[in-house]
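Novice: One structure is given below, represented as structure tokens, and several questions about it will come after.
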Amino acid sequence: MSELTILKNGMVVTLDESHRVIEDGSIVIEDDKILDVGKTADIEKKYKGDTIISAKKKAVLPGLVDLHYHSSIGRGICDDLPLDEWLNKFIWPKLREMNPEEAYAGALCSYADSIKSGTTCVNDMYHHMTKVAEAAEKIGIRAVLSSEVADESEGLETIEDNERLFNEKNGAADGRISVHFAIEWVPIASAEIISKTTELAKKYKTGIHIHLNESLGELELSKKRHGKRPVELAYDLGVLGPDCVAVHCVWLTDAEIRMLQQTGTSVSHNPSSNAKLGSGVARIPDLIAAGVNVGLGHDSASCNNSRDMFEVMKWASLVHRAVRVDASLMPAKRILEMATRNGGKALHLNIGSIEPGKKADLILVNLAGTHFTPLILGRDFNLFSHLVYSAHGEDVDTSIIDGKIVMENRVLRNIDENEVVENATRAMENVLARIR
């Protein structure tokens, strides 16, 4: 018999089509799905919960979707370099040396960090992904996984690695783990490999995850190797489409925006990573105006130093206002959609809003802090503003993924956090010792 969990007396931010907010609201969870949502008084008349969680003085949101993710642990080690140098001097040498157990240790720490800051679903492209999948299974996060496929001579992941990952882990953890196919970087992948990866994604009816047009240097390398810019090449090879998440897309022409729009491709916007690497500011207002679905990602702690998606949300609003000198751009309500609904849509997952039938991926945000003061309801309602411009990952009190409590009162249930931190630190020290 199914058990019911009820979240009671919270400020329920549904992020449904009408952006309904329910003051003193409750959510009923049955197994892994949301059964009902409504006013607490109405819910109490209809249901008796087996588990009751108080959401008083908390906002209840859909879990945040990190649409572009590398479960890297190289935080703060190779700062102040542009993308090309950063990849060649640190990231790729590190990946070539990392063994599966070190990848597992790093992923477990990375996912712990994300859950503690409100992320419930990641779109992770990395190395030794069968071990990374084991980390996702253990900690309880929802994960879409793919291998960083490049030319075999690069010593990274291969098409065979990605196919093996699909066959071994797609649908694992009662469907919480799904597998896509990925291309690491167009300058280090032949047209044949890109086409083959795309064919496999279509064969297995799954998605594609690919970096495109991130930096000016990447554009030149792509033109030198392929005779085309990355988005142009992806369009011509059939990579773009509703099952594709195109990452970064910083340097786009009008024609490339039309390619993304006409093919139904989703874009992951990673503003803080793009800023830290000096890559530029993507034309996100133009993509949105063209009807492109845009979600948000932190990218990697190695090039961002933070996995906090609340921080990413703030960047995603403010950076465009600054460079375009327009305070009306990227309002808070739209940003919240990008971090939830749009990410779920891009990954074709039944997540991203609080509605009956949706997966029970939810977070409780503590509103008791001074930085949420004043919290005004009614005509001057300002909760959306607080969540985007004032909140931090540390405000997340409880995380529920697939109907299961994975963090409560900021304590992770499925791991020993101190042990995870020690193992990840040791893993990074060992890798650094081999590449220095």
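Just so you know, all these numbers are worked out from the coordinates, no wet-lab data involved. These numbers come from a predicted model, not from an experiment. Note that each Cβ is placed from the backbone with ideal geometry, even for glycine, and that neighbours are counted across all protein chains shown.
Novice: For Val406, which sequence-distant residues (separation of 5 or more, or a different chain) have an amide H within less than 5 Å of its own amide H, given hydrogens modelled in the peptide plane?
Specialist: Ser399, Ile400, Ile401
Novice: Just to check I understand the Karplus step: with θ = phi - 60° and J = 6.51 cos²θ - 1.76 cosθ + 1.60, what whole-Hz values come out for the stretch 29-39, glycine and proline as x?
Specialist: Coupling constants for the stretch 29-39: 10, 10, 6, 9, 10, 7, 8, 7, 9, x, 5 Hz.
Novice: How fast does the stretch 164-263 diffuse by Stokes-Einstein, in µm²/s, taking the Kirkwood radius from C-alpha pairs at 25 °C and 0.890 mPa s?
Specialist: 175
Novice: What residue among Phe372, Phe166, Phe381 shows peak mean-square fluctuation when the chain is described by a Gaussian network model with Cα springs under 10 Å?
Specialist: Result: Phe381 has the largest fluctuation of those listed.
Novice: Can you find, among Ala55, Asn293, Pro374, the residue farthest towards the positive end of the dipole of the chain? Put +1 on the C-beta of Lys and Arg, -1 on that of Asp and Glu.
Specialist: Most positive-ward Cα: Pro374.
Novice: Sticking with this one: Assign unit charges at the C-beta atoms only (+1 for Lys and Arg, -1 for Asp and Glu), then state the dipole size of the chain relative to its Cα centre in Debye, rounded to the nearest 20.
Specialist: 980
Novice: Still on this structure, please answer the following. May I ask for the angle, rounded to the nearest 10°, between helix 100-116 and the longest principal axis of the chain, with both axes built from Cα atoms and the value confined to 0 to 90°?
Specialist: 40
Novice: Restricting to DSSP H runs of at least four residues, report the calculated mean residue ellipticity at 222 nm for the chain, -39500 (n - 2.57) per run over all residues, nearest 500 deg cm²/dmol.
Specialist: Taken over the chain, the calculation gives -11000 deg cm²/dmol.
Novice: Please report Rg (one decimal) and Dmax (integer) in Å for the Cα set of the stretch 336-383.
Specialist: 14.0, 37
Novice: Sticking to Cα atoms, compute the Rg of the stretch 129-214 to one decimal and its Dmax as the biggest Cα-Cα distance, whole number, in Å.
Specialist: Reported Rg and Dmax, both Å: 12.7, 37.
Novice: Then there's this: What is the distance in Å between the Cα centres of the stretch 351-377 and the stretch 24-76?
Specialist: So the separation of the two Cα centres works out to 8 Å.
Novice: Give me the net charge of His68's neighbourhood, meaning all other residues with Cβ under 10 Å from the Cβ of His68; Lys, Arg count +1, Asp, Glu -1.
Specialist: -3
Novice: Tally Lys and Arg at +1 and Asp and Glu at -1 over the other residues with C-beta under 10 Å from the C-beta of Ile257: what net charge comes out?
Specialist: For residues surrounding Ile257, the net value is -1.
Novice: Something else: Please report the base-10 log of the normalised intensity I(q)/I(0) for the chain, using a Debye sum with one equal scatterer per alpha carbon and no solvent, at each q in 0.14 (1/Å).
Specialist: -1.30
Novice: Antiparallel versus total DSSP beta bridges in the chain: what percent is that, nearest 5?
Specialist: Taking every DSSP beta bridge with both residues in the chain, the antiparallel ones total about 45 percent.
Novice: To continue, here is another question. Students often forget the sequence filter, so: which lysines lie under 17 Å Cα-Cα from Lys276 once same-chain residues fewer than 8 apart are removed?
Specialist: Correct list for Lys276: Lys89, Lys314.
Novice: So for Phe181, Phe384, fewest C-beta neighbours within 10 Å to most, what's the order?
Specialist: Phe384, Phe181
Novice: Could you state the orientation-averaged shadow area of the convex hull built on the Cα atoms of the stretch 37-155, in nm² to one decimal?
Specialist: Averaging across all directions leaves 10.4 nm² for the Cα convex hull.
Novice: Could you list Tyr111, Tyr126, Tyr204 so that the one with the fewest beta carbons within 10 Å of its beta carbon is first and the one with the most is last?
Specialist: Tyr204, Tyr126, Tyr111
Novice: Would you be so kind as to identify which of Ala201, Trp315, Cys249 lies farthest towards the positive end of the dipole of the chain, taking Lys and Arg as +1 and Asp and Glu as -1 on Cβ and the Cα centre as origin?
Specialist: In the chain, that residue is Trp315.
Novice: Add +1 for every Lys or Arg and -1 for every Asp or Glu among the other residues with Cβ under 12 Å from the Cβ of Arg142, and state the total.
Specialist: Value of the local net charge: -4.
Novice: Give me, ordered by chain and number, the residues 5 or more places off Lys33 or on other chains with an amide H under 5 Å from its own placed amide H.
Specialist: Result for Lys33 returns Ala360.
Novice: With +1 assigned to the C-beta of every Lys and Arg and -1 to the C-beta of every Asp and Glu, and no other charges, what is the dipole magnitude of the stretch 107-186 about the Cα centre in debye, to the nearest 20?
Specialist: With Lys and Arg at +1 and Asp and Glu at -1, about 600 debye.
Novice: Can you sort Arg96, Arg307, Arg75 so the residue with the fewest Cβ neighbours within 10 Å comes first?
Specialist: Lowest to highest Cβ neighbour count: Arg96, Arg75, Arg307.
Novice: Round to the nearest 10 and give me the degree value, 0 to 90, for the angle of helix 191-203's Cα axis relative to the longest principal axis of the chain.
Specialist: Orientation of helix 191-203: about 40 degrees from the principal axis.
Novice: Would you mind checking the tilt of helix 254-263 against the longest principal axis of the Cα atoms of the chain, expressed as 0 to 90 degrees and rounded to 10?
Specialist: Approximately 60 degrees, to the nearest 10.
Novice: Additional query: If amide hydrogens are placed 1.01 Å from N in the peptide plane, which non-local residues have theirs closer than 5 Å to the one on His211?
Specialist: So His211 has HN proximity to Ile183, Val247.
Novice: Which listed residue (Leu145, Leu219, Gly393) has the Cα farthest towards the positive end of the charge dipole for the chain, taking +1 on Lys and Arg C-beta and -1 on Asp and Glu C-beta about the Cα centre?
Specialist: Gly393
Novice: Between the stretch 417-436 and the stretch 159-175, what's the alpha-carbon centroid distance in Å?
Specialist: If you average the Cα positions of each part, the centres end up 26 Å apart.
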